[in-house]
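Peer 1: The structure under discussion is supplied below as structure tokens; questions concerning it will follow.
Readers should treat all values here as calculations from the given coordinates under stated rules, not as data from a laboratory. These numbers were taken from a predicted model, which means no experiment stands behind them. Every residue, glycine as well, gets a Cβ built from its backbone with ideal geometry; the counts of neighbours run over all protein chains shown.
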Amino acid sequence: MTTAPVSASVVSSKGGTVVANSRDVADFFGKAHFNVLRDIDALIFSGSSIAINFEAIEIETKVGFGIRRDRGYDMTRDGFTLLAVGFTGAKALQFKLRYIEAYNAMEGAMS
């Protein structure tokens, strides 16, 4: 079964590194940004060394005639994957299926 890839709008290049922004991830998966932040915070504070995969940032949000600064995260591929495998819903399932397909293809190439 082939599923749709994660949209390129979720990832961007920052200093030569590919990152996923927490707000873009929330939009793509149809989740509220504050819930994505909560899930990232839980991963960071889980006591493991995965915090290196999440960089705290400020996101500018246009509000009326002004700009509000909200917190957010840029995350590495590993951070994004750790976060997304915990999501539920149709897009999350598509992501997981694509991840499994890529893993199986890689494993098949090693045989």
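Peer 1: Considering only residues that are of a type in the set (Phe, Trp, Tyr) and within 12 Å of the chain's Cα centre (by Cα), look in segment 25-78 and name the one that is surrounded by the most Cβ atoms within 10 Å (Cβ to Cβ).
Peer 2: Tyr73
Peer 1: Report, by residue number, each residue of segment 95-111 that is over 20 Å from the mean Cα position of the chain (by Cα), over 23 Å from Thr17 (Cα atoms) and in a helix (DSSP H, G or I).
Peer 2: Selection gives Asn104, Ala105, Glu107, Gly108, Ala109, Met110.
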